[in-house]
Amino acid sequence: MSTSTRILMCPPDHFHVNYAINPWMKGNQDQVSQEKAMSQWQALRALVARFAEVVEIEPQEGVPDMVFTANAGTVAGKRAVVSSFAHKERQPEERHFAQFFRKIGYEVGELPEGVRYEGAGDSLFDRGGEWLWAGSGFRTDREAHEFVADFLGVDVLSLTLVDERFYHIDTCFCPLAGGWLLYYPQAYDVASNELIESRVPAERRIRVTEEEAAEFSCNAINIGENVIMHDCSDRLRSELERAGFTVHTTSLSEFLKAGGSAKCLSLKLDEPEAIAK
Ligand code: ARG
(Lines give C-alpha, C1' and ligand atoms only; values in the text may rest on other atoms or scores of the structure.)
Protein backbone atom coordinates (compact mmCIF):
# COMPACT_ATOMS: atom_id res chain seq x y z
CA MET A 1 0.00 0.00 0.00
CA SER A 2 1.21 3.46 -0.81
CA THR A 3 0.49 6.05 1.84
CA SER A 4 1.35 9.04 -0.30
CA THR A 5 -2.26 9.35 -1.50
CA ARG A 6 -4.95 10.05 1.05
CA ILE A 7 -8.52 9.68 -0.16
CA LEU A 8 -11.53 11.13 1.63
CA MET A 9 -14.65 8.99 1.89
CA CYS A 10 -17.88 9.33 3.90
CA PRO A 11 -19.64 6.19 5.21
CA PRO A 12 -23.19 5.88 3.82
CA ASP A 13 -24.95 5.66 7.21
CA HIS A 14 -27.46 8.29 6.11
CA PHE A 15 -27.39 7.69 2.36
CA HIS A 16 -30.68 7.42 0.51
CA VAL A 17 -32.54 9.04 -2.37
CA ASN A 18 -35.37 11.21 -1.12
CA TYR A 19 -35.17 14.13 -3.56
CA ALA A 20 -34.25 14.43 -7.22
CA ILE A 21 -31.65 17.00 -8.27
CA ASN A 22 -30.36 15.10 -11.30
CA PRO A 23 -32.07 12.90 -13.91
CA TRP A 24 -30.78 9.63 -12.40
CA MET A 25 -32.53 10.29 -9.09
CA LYS A 26 -35.94 10.63 -10.73
CA GLY A 27 -37.84 7.38 -10.30
CA ASN A 28 -35.33 6.15 -7.74
CA GLN A 29 -36.74 7.91 -4.72
CA ASP A 30 -36.95 5.52 -1.77
CA GLN A 31 -35.48 2.71 -3.91
CA VAL A 32 -32.11 2.43 -2.15
CA SER A 33 -31.31 -0.64 -0.09
CA GLN A 34 -29.40 0.74 2.88
CA GLU A 35 -27.82 -2.61 3.55
CA LYS A 36 -26.64 -3.11 -0.01
CA ALA A 37 -25.34 0.47 -0.16
CA MET A 38 -23.29 -0.14 2.99
CA SER A 39 -21.75 -3.36 1.68
CA GLN A 40 -21.00 -1.83 -1.74
CA TRP A 41 -19.37 1.16 -0.07
CA GLN A 42 -17.31 -1.11 2.22
CA ALA A 43 -16.11 -3.09 -0.81
CA LEU A 44 -15.11 0.13 -2.58
CA ARG A 45 -13.36 1.34 0.55
CA ALA A 46 -11.40 -1.91 0.81
CA LEU A 47 -10.39 -1.70 -2.84
CA VAL A 48 -9.24 1.92 -2.53
CA ALA A 49 -7.34 1.01 0.67
CA ARG A 50 -5.18 -1.38 -1.35
CA PHE A 51 -3.66 1.58 -3.17
CA ALA A 52 -4.14 4.61 -0.90
CA GLU A 53 -4.88 5.67 2.65
CA VAL A 54 -8.60 6.16 3.23
CA VAL A 55 -9.59 9.07 5.49
CA GLU A 56 -13.20 9.18 6.67
CA ILE A 57 -15.38 12.17 7.42
CA GLU A 58 -18.18 11.65 9.89
CA PRO A 59 -21.53 11.20 8.11
CA GLN A 60 -24.26 13.66 9.06
CA GLU A 61 -27.97 13.09 9.28
CA GLY A 62 -30.21 14.97 6.82
CA VAL A 63 -27.62 15.21 4.05
CA PRO A 64 -27.90 11.88 2.19
CA ASP A 65 -25.61 12.97 -0.67
CA MET A 66 -22.70 13.75 1.66
CA VAL A 67 -21.29 10.32 0.70
CA PHE A 68 -20.22 11.99 -2.54
CA THR A 69 -17.08 13.55 -1.09
CA ALA A 70 -15.82 14.57 -4.55
CA ASN A 71 -18.18 17.48 -4.03
CA ALA A 72 -16.51 18.63 -0.81
CA GLY A 73 -14.22 21.01 -2.62
CA THR A 74 -11.02 21.22 -4.64
CA VAL A 75 -7.60 20.92 -3.06
CA ALA A 76 -4.08 21.81 -4.13
CA GLY A 77 -1.24 21.60 -1.63
CA LYS A 78 -2.61 22.75 1.72
CA ARG A 79 -5.39 24.87 0.27
CA ALA A 80 -8.99 23.93 -0.39
CA VAL A 81 -11.81 25.78 -2.11
CA VAL A 82 -14.93 24.53 -0.38
CA SER A 83 -18.03 23.90 -2.52
CA SER A 84 -21.00 26.20 -2.72
CA PHE A 85 -23.78 23.86 -3.78
CA ALA A 86 -26.34 24.74 -6.44
CA HIS A 87 -29.20 22.96 -4.67
CA LYS A 88 -30.48 23.79 -1.20
CA GLU A 89 -30.64 20.06 -0.39
CA ARG A 90 -26.84 19.85 -0.41
CA GLN A 91 -25.95 23.27 0.99
CA PRO A 92 -25.87 22.09 4.64
CA GLU A 93 -22.90 19.86 3.68
CA GLU A 94 -20.71 22.91 3.08
CA ARG A 95 -19.94 23.68 6.70
CA HIS A 96 -19.04 20.08 7.49
CA PHE A 97 -16.58 19.94 4.62
CA ALA A 98 -15.12 23.37 5.50
CA GLN A 99 -14.68 22.21 9.09
CA PHE A 100 -12.99 19.02 7.90
CA PHE A 101 -10.50 20.87 5.67
CA ARG A 102 -9.64 23.21 8.56
CA LYS A 103 -9.21 20.28 10.92
CA ILE A 104 -6.59 18.72 8.64
CA GLY A 105 -4.78 22.05 8.50
CA TYR A 106 -5.86 23.33 5.08
CA GLU A 107 -6.46 26.97 4.34
CA VAL A 108 -10.06 27.23 3.19
CA GLY A 109 -11.18 29.50 0.35
CA GLU A 110 -14.83 30.50 0.34
CA LEU A 111 -16.44 31.63 -2.88
CA PRO A 112 -18.14 35.00 -3.15
CA GLU A 113 -21.82 34.91 -2.15
CA GLY A 114 -24.07 33.48 -4.84
CA VAL A 115 -21.33 31.85 -6.93
CA ARG A 116 -22.01 28.13 -7.34
CA TYR A 117 -19.24 25.55 -7.35
CA GLU A 118 -19.29 21.78 -6.75
CA GLY A 119 -15.66 20.99 -6.03
CA ALA A 120 -13.88 18.04 -7.59
CA GLY A 121 -17.16 17.00 -9.20
CA ASP A 122 -16.51 19.91 -11.55
CA SER A 123 -12.72 20.19 -11.41
CA LEU A 124 -10.11 17.61 -12.26
CA PHE A 125 -6.36 17.99 -12.49
CA ASP A 126 -4.85 16.83 -15.72
CA ARG A 127 -2.38 14.01 -15.04
CA GLY A 128 -0.06 14.90 -17.89
CA GLY A 129 -0.04 18.68 -17.97
CA GLU A 130 -0.12 21.21 -15.16
CA TRP A 131 -3.63 22.51 -15.30
CA LEU A 132 -7.07 22.01 -13.83
CA TRP A 133 -10.01 21.10 -16.07
CA ALA A 134 -13.13 22.80 -14.72
CA GLY A 135 -16.73 22.37 -15.81
CA SER A 136 -19.77 24.58 -15.92
CA GLY A 137 -23.22 24.29 -17.39
CA PHE A 138 -25.28 22.69 -14.64
CA ARG A 139 -23.87 23.00 -11.11
CA THR A 140 -20.88 25.32 -11.32
CA ASP A 141 -20.70 28.96 -12.47
CA ARG A 142 -17.93 30.18 -14.76
CA GLU A 143 -17.07 32.88 -12.20
CA ALA A 144 -16.06 30.11 -9.81
CA HIS A 145 -13.33 29.04 -12.22
CA GLU A 146 -11.63 32.41 -11.85
CA PHE A 147 -11.79 32.24 -8.08
CA VAL A 148 -10.34 28.72 -8.03
CA ALA A 149 -7.54 29.72 -10.42
CA ASP A 150 -6.60 32.64 -8.15
CA PHE A 151 -6.96 30.93 -4.80
CA LEU A 152 -5.19 27.72 -5.75
CA GLY A 153 -2.76 29.38 -8.14
CA VAL A 154 -3.55 27.00 -10.99
CA ASP A 155 -4.22 27.32 -14.67
CA VAL A 156 -7.85 26.49 -15.29
CA LEU A 157 -9.26 25.25 -18.59
CA SER A 158 -13.02 25.66 -18.74
CA LEU A 159 -15.32 23.06 -20.26
CA THR A 160 -19.04 23.39 -20.89
CA LEU A 161 -21.40 20.48 -20.26
CA VAL A 162 -24.44 20.09 -22.50
CA ASP A 163 -26.18 16.84 -21.49
CA GLU A 164 -28.07 16.99 -18.19
CA ARG A 165 -27.35 13.32 -17.45
CA PHE A 166 -23.71 14.33 -17.17
CA TYR A 167 -24.10 17.30 -14.87
CA HIS A 168 -20.60 17.24 -13.32
CA ILE A 169 -17.45 16.80 -15.39
CA ASP A 170 -16.38 13.81 -13.31
CA THR A 171 -19.39 11.88 -14.65
CA CYS A 172 -17.96 12.00 -18.17
CA PHE A 173 -14.27 12.94 -17.98
CA CYS A 174 -11.38 11.26 -16.21
CA PRO A 175 -7.75 12.34 -16.64
CA LEU A 176 -5.48 9.33 -16.13
CA ALA A 177 -1.83 9.02 -15.12
CA GLY A 178 0.60 9.72 -17.92
CA GLY A 179 -1.64 12.27 -19.62
CA TRP A 180 -4.33 9.84 -20.78
CA LEU A 181 -7.95 10.92 -20.85
CA LEU A 182 -11.04 8.74 -20.51
CA TYR A 183 -14.10 10.72 -21.60
CA TYR A 184 -17.48 10.98 -23.32
CA PRO A 185 -17.08 13.75 -25.92
CA GLN A 186 -20.81 14.16 -26.59
CA ALA A 187 -21.31 15.53 -23.07
CA TYR A 188 -19.37 18.67 -24.10
CA ASP A 189 -20.01 21.50 -26.51
CA VAL A 190 -17.94 22.00 -29.65
CA ALA A 191 -15.56 24.59 -28.14
CA SER A 192 -14.82 22.28 -25.20
CA ASN A 193 -14.05 19.40 -27.53
CA GLU A 194 -11.68 21.63 -29.49
CA LEU A 195 -9.93 22.62 -26.27
CA ILE A 196 -9.61 18.99 -25.16
CA GLU A 197 -8.24 18.00 -28.56
CA SER A 198 -5.73 20.84 -28.48
CA ARG A 199 -4.33 19.65 -25.12
CA VAL A 200 -4.59 15.88 -25.24
CA PRO A 201 -3.14 14.13 -28.29
CA ALA A 202 -5.52 11.80 -30.14
CA GLU A 203 -3.57 8.68 -29.19
CA ARG A 204 -4.02 9.48 -25.48
CA ARG A 205 -7.77 10.03 -25.67
CA ILE A 206 -9.97 7.06 -24.77
CA ARG A 207 -13.57 7.70 -25.74
CA VAL A 208 -16.43 5.84 -24.18
CA THR A 209 -19.75 5.01 -25.85
CA GLU A 210 -23.04 6.42 -24.61
CA GLU A 211 -23.83 3.08 -23.02
CA GLU A 212 -20.50 3.00 -21.18
CA ALA A 213 -20.95 6.61 -20.09
CA ALA A 214 -24.39 5.72 -18.70
CA GLU A 215 -22.71 2.99 -16.62
CA PHE A 216 -20.54 5.77 -15.14
CA SER A 217 -17.36 4.26 -16.64
CA CYS A 218 -15.72 7.70 -16.69
CA ASN A 219 -16.48 8.13 -12.99
CA ALA A 220 -13.35 6.23 -12.10
CA ILE A 221 -10.73 6.54 -9.38
CA ASN A 222 -7.24 6.50 -10.82
CA ILE A 223 -4.34 5.72 -8.49
CA GLY A 224 -1.14 5.12 -10.44
CA GLU A 225 -1.80 2.32 -12.91
CA ASN A 226 -5.04 1.31 -11.17
CA VAL A 227 -8.46 2.39 -12.34
CA ILE A 228 -11.44 1.65 -10.11
CA MET A 229 -14.99 1.81 -11.47
CA HIS A 230 -18.50 0.38 -11.12
CA ASP A 231 -18.55 -1.51 -14.40
CA CYS A 232 -16.36 -1.81 -17.47
CA SER A 233 -17.22 -3.25 -20.88
CA ASP A 234 -14.78 -5.75 -22.39
CA ARG A 235 -14.04 -3.25 -25.14
CA LEU A 236 -13.14 -0.49 -22.69
CA ARG A 237 -11.18 -2.82 -20.45
CA SER A 238 -8.92 -3.88 -23.31
CA GLU A 239 -8.39 -0.26 -24.37
CA LEU A 240 -7.39 0.67 -20.82
CA GLU A 241 -5.14 -2.36 -20.53
CA ARG A 242 -3.47 -1.49 -23.80
CA ALA A 243 -2.71 1.91 -22.28
CA GLY A 244 -1.05 0.17 -19.32
CA PHE A 245 -3.84 0.37 -16.73
CA THR A 246 -5.33 -2.33 -14.54
CA VAL A 247 -9.09 -2.07 -14.20
CA HIS A 248 -10.84 -3.04 -10.96
CA THR A 249 -14.63 -3.15 -10.90
CA THR A 250 -16.92 -3.22 -7.90
CA SER A 251 -20.68 -2.80 -8.08
CA LEU A 252 -22.01 0.56 -6.91
CA SER A 253 -25.56 0.11 -8.20
CA GLU A 254 -27.17 1.70 -5.14
CA PHE A 255 -25.15 4.88 -5.64
CA LEU A 256 -25.95 5.05 -9.36
CA LYS A 257 -29.56 5.57 -8.24
CA ALA A 258 -28.38 8.92 -6.86
CA GLY A 259 -26.40 9.72 -10.01
CA GLY A 260 -22.95 8.95 -8.62
CA SER A 261 -20.33 6.24 -8.70
CA ALA A 262 -16.75 5.46 -7.62
CA LYS A 263 -15.07 8.79 -8.30
CA CYS A 264 -17.94 10.77 -6.77
CA LEU A 265 -17.53 8.76 -3.58
CA SER A 266 -13.91 9.87 -3.19
CA LEU A 267 -11.72 12.94 -2.96
CA LYS A 268 -7.94 12.97 -3.30
CA LEU A 269 -6.50 15.02 -0.45
CA ASP A 270 -2.91 15.17 -1.65
CA GLU A 271 -2.95 17.03 -4.90
CA PRO A 272 0.40 18.65 -5.58
CA GLU A 273 0.74 22.27 -4.70
CA ALA A 274 -0.01 24.38 -7.70
CA ILE A 275 2.77 25.60 -9.86
CA ALA A 276 2.75 29.37 -9.57
CA LYS A 277 1.41 30.88 -12.77
N1 ARG B 1 -26.99 13.08 -5.93
C2 ARG B 1 -25.77 13.80 -6.02
C3 ARG B 1 -26.01 15.14 -6.68
O4 ARG B 1 -26.82 15.20 -7.58
C5 ARG B 1 -24.73 13.02 -6.78
C6 ARG B 1 -23.40 13.67 -6.80
C7 ARG B 1 -22.39 12.94 -7.61
N8 ARG B 1 -21.13 13.53 -7.44
C9 ARG B 1 -20.24 13.76 -8.41
N10 ARG B 1 -19.07 14.18 -8.06
N11 ARG B 1 -20.54 13.64 -9.68
O12 ARG B 1 -25.43 16.13 -6.34
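Residues of region 126-163 with the amide nitrogen closer than 18 Å to a label point 7 Å from the Cα of E197, along Cα-to-Cβ, please. Answer for region 126-163: 158-162. When the Cα positions of F85, V48, L161 are compared along the charge dipole of region 6-276, V48 comes out farthest toward the positive end, with charges on each C-beta of Lys, Arg, Asp and Glu.
Looking at the calculated P(r) for the chain, what percent of the C-alpha pair distances fall above 32 Å? I get 14 percent for the Cα pairs in the chain exceeding 32 Å. Packing-based ranking of 229-237, 159-167, 70-78, 42-50 yields 70-78, 159-167, 229-237, 42-50, ordered from highest to lowest mean Cβ neighbour count within 10 Å.
Convex hull volume of the Cα atoms in region 162-238, per residue, in Å³?
Values: hull volume 6.7 nm³, N = 77.
Enclosed volume per residue, from the Cα hull, is 87 Å³.
For region 82-205, the normalised intensity computed at q = 0.12, 0.17 Å⁻¹ comes to -0.45, -0.87 (log10 of I(q)/I(0), Debye sum over alpha carbons, equal scatterers, no solvent).
Keeping every protein chain present and rolling a 1.4 Å probe, give me the accessible area per residue for region 6-276 in Å².
Details: 10700 Å² over 271 residues.
Per residue, region 6-276 has an accessible area of 39 Å².
In this structure, the residue pairs whose Cα-Cα separation is over 21 Å, taken from K78/K103; K26/K268; K88/K263; K36/K103; K36/K88; K88/K268, are K26/K268; K88/K263; K36/K103; K36/K88; K88/K268. Residues E107, E211, ordered by accessible area of protein heavy atoms at a 1.4 angstrom probe radius and largest first, appear as E211, E107.
How big is the Rg/Rh ratio for region 1-152, C-alpha atoms only, Rh by Kirkwood, two decimals?
Working: Rg = 15.7 Å, Rh = 16.4 Å.
Value, to two decimals: 0.96.
The values are calculated or read from the model by the stated rules, or taken from the named source; none is laboratory data. Everything numeric here is computed off the predicted structure, so don't read it as measured data. When we count neighbours, we look across all protein chains shown, and the Cβ atoms used for this are built from the backbone with ideal geometry, even at glycine. With ligands, DNA and RNA removed, areas are computed over all heavy atoms of the protein, side chains included. Shrake-Rupley method; radii C 1.70, N 1.55, O 1.52, S 1.80 Å.
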